[in-house]
Amino acid sequence: MLNKVLSIANVGLKGIEIEVEVNIADKGFPGFGIVGLASKAVEEAKERVKTAIINSDINFPNAKITINLAPADLPKDGSCYDLPISVGILASMGELVLPKERSYFYGELSLDGSLRHTRGVFLLALLAKEEGIKKIYVPRMSANEASVIEGVEVYPVDNLKNLIKHLNGERKIEPLKTVNVQDIFDDINPDFDFSEILGQEQAKRALEIAAAGGHNVFMMGPPGSGKTMLSRAIPGILPNLSEKESLEVTKIFSITGNIPPGGSLIRQRPFRSPHHTTSQIGLIGGGSNPKPGEVSLAHRGVLFLDEFPEFGRNSLEALRQPLEDGFVSICRASGSVTFPAQFMLIAAANPCQCGYLGDPKKECSCSPWQILNYRKKLSGPIMDRIDLHLIVPAVDVNHLMIGKNEINNNEKSEVIRKRVVEARKIQSERFKSLNHIHSNSDMKNSHLKEFSNLTGKANLLLKQAVNKFNLSARVYFRLIKVARTIADLDKSMEIKENHIAEALQYRVKNDD
């Protein structure tokens, strides 16, 4: 008997409807085969499905079972086909009645017949809404991902036994209530509060500007100067994701399995900190079946690369496209996929290999050749794409020898965050008619004429700086974006001379 069950395949960040055709034939040798460009994980579903059905107190048929995953020319990967395959087999056996309306089934089976947390449920719900599918059946541990999508009934399934009873009308599984996106809050738990960082006032100010406009930052300083601490304090001053941004980030986290069991929509901006031994594929994304890398997992958030020059040269050069375009395109013989990658890059490095070049108290042990070789790891095109360049000196001992009252007098992250949120609101209002621009750093050069609004003195100062320091066109436009953010923090409609001057001090000292 032939039955058809609907599911989906995840290609990049897009869901494609899959028809799982199940045929049980009495004639022919008993067997269990899966066709339709199935990967090893899908092939192994035969053992999981057979054992799960047996452990659900149902006799597995001793017949020729053929599973076709259509369309047959689309590669299928993952364990999500366990549930639709088992439902198709049980329907062909007469153990359950398939829903009359079109429904999606999706999930990985355990050997005891229960359903496990399965990545990609959020994309399933999005596709269901696009295709007009009203009901989806997914593992209970993954169901919260889909509960934020309106117009789709999400049925959380614990095991095959409960699903059979529900489909046969014996005991109903109650669908989850739709959750309002605005009712979901993620607590912000940064590793450090800005008030805990002693000294480094210029670096704190620069990071506030970066957070307000989504700008990239490069910090250079000796070991122990606080570069890592400053970077890890950034999540505490970033605003929550907007609803549109949340949907973008949740899609990436869902397909990569980064939403934990019971988790739902991502509302806090991502903070990713890969080790410098991370491969190019791990950083940028890729593989035979392309998956997002760290740059995409940091979408709308922060990518912190400590020991920046120690990353592979090819990996650093591969950052050029996402830094410039905000996305990554990965091409394979079977096709190409595009992953979003609009992130704040926070890069930290020592001034030389030993870390003490220019330090007034410790002598540098590097030879001129070693210093040159270390600096050459960072190419000009990569450094051009970074907006704010900071020198982070060693902290003076007088800043360290202070008491509790002095720490309490330091500005807390929540105070800085309020200013950042206000600046972001100004930018949201400014770009409300543009779909893909959320902050000043997202602006293309064509937008600067409309939104920069420089005064005459500011324009003159910028022109003089470009001529004196021989700045590239890319740096010129990035300086205007940074100055626009500084003006937003000042709640100024115009970019004034002092805004350009502050933007320049974060740039030219490393370019002269």
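Brief remarks on what is shown
- Residue match in region 404-419 (condition: open to solvent by less than 60 Å² (accessible area, probe 1.4 Å), part of a helix (DSSP H, G or I), modelled with pLDDT of 90 or more and among the hydroxyl-bearing types (S, T, Y)): yes
- Conditions (1) closer than 24 Å to I53 by Cα; (2) touching a residue at least 60 places away in the same chain (Cβ under 8 Å); (3) in contact with a helix residue (DSSP H, G or I) (Cβ under 7 Å, 6 or more places away or on another chain); number of the one not met by S92: (3)
- Residue that is farther than 21 Å from P261 by Cβ, modelled with pLDDT of 95 or more and open to solvent by less than 40 Å² (accessible area, probe 1.4 Å), where the choices are S39, S56, S7: S56
- Per-region count, region 145-194, residues open to solvent by 60 Å² or more (accessible area, probe 1.4 Å) and among the β-branched types (V, I, T): 1
- Taken over region 298-329, the criterion of being among the small types (G, A, S) and part of a loop (DSSP other than H, G, I, E, B) is satisfied by A298, G301, G312, A318, G326.
- Inter-residue pairs, beta-carbon under 9 Å, first touching a residue at least 24 places away in the same chain (Cβ under 8 Å) and on the phi > 0 side of the Ramachandran plot and in region 102-127, second in a strand (DSSP E or B) and among the β-branched types (V, I, T), 6+ apart: G107/V138; G107/V157; G120/I8
- When the test is whether a residue is closer than 23 Å to H438 by Cβ and of a type in the set (A, V, I, L, M), A210 passes it.
- Among the residues of region 317-356, just one is over 32 Å from the mean Cα position of the chain (by Cα) and at pLDDT 90 or above, namely C354.
- Of all the numbered requirements in (1) modelled with pLDDT under 90; (2) farther than 30 Å from S439 by Cα; (3) among the hydroxyl-bearing types (S, T, Y), S365 misses one, and that requirement is (1).
- Of all the residues in region 330-378, those that are open to solvent by 30 Å² or more (accessible area, probe 1.4 Å), within 30 Å of A233 (Cα to Cα) and part of a strand (DSSP E or B) number 1.
- Failed criterion for K46 (all others in (1) in contact with a strand residue (DSSP E or B) (Cβ under 6 Å, 6 or more places away or on another chain); (2) closer than 20 Å to S142 by Cβ; (3) part of a helix (DSSP H, G or I) hold): (2)
- Among the candidates G257, G236, residue that is surrounded by fewer than 23 Cβ atoms within 10 Å (Cβ to Cβ) and either in a helix (DSSP H, G or I) or not assigned by TED's automatic domain parsing to the domain that holds A349 (or both): G236
- Here V295 fulfils each of the conditions (1) touching a helix residue (DSSP H, G or I) at 6+ places or on another chain (Cβ under 6 Å); (2) assigned to a loop (DSSP other than H, G, I, E, B); (3) farther than 20 Å from S147 by Cα apart from (2).
- Boolean, M229 is touching a strand residue (DSSP E or B) at 6+ places or on another chain (Cβ under 8 Å) and at pLDDT 90 or above: no
- Set side by side, the residues S142, S86 differ, and just one is over 23 Å from K291 (Cα atoms) and either polar (S, T, N, Q) or open to solvent by 10 Å² or more (accessible area, probe 1.4 Å) (or both), which is S86.
- Checking each residue in region 466-486 for being touching a helix residue (DSSP H, G or I) at 6+ places or on another chain (Cβ under 9 Å) and either aromatic (F, W, Y) or surrounded by fewer than 20 Cβ atoms within 10 Å (Cβ to Cβ) (or both) picks out V466, K468, F469, S472, A473, R474, Y476, F477.
- Restricted to helices (runs of 4 or more DSSP H) entirely inside region 425-512, those with at least 1 residues that are in contact (Cβ under 8 Å) with a residue 40 or more places away in the chain are 456-469, 473-489, 497-505.
The values are calculated or read from the model by the stated rules, or taken from the named source; none is laboratory data. Small disclaimer: the values here were computed from a predicted structure and weren't measured. Cβ coordinates were reconstructed from backbone atoms using ideal geometry, including for glycine residues, and neighbour counts include every protein chain displayed. Just the protein is used for accessible areas: all its heavy atoms, side chains included, with ligands, DNA and RNA removed. Shrake-Rupley method; radii C 1.70, N 1.55, O 1.52, S 1.80 Å.
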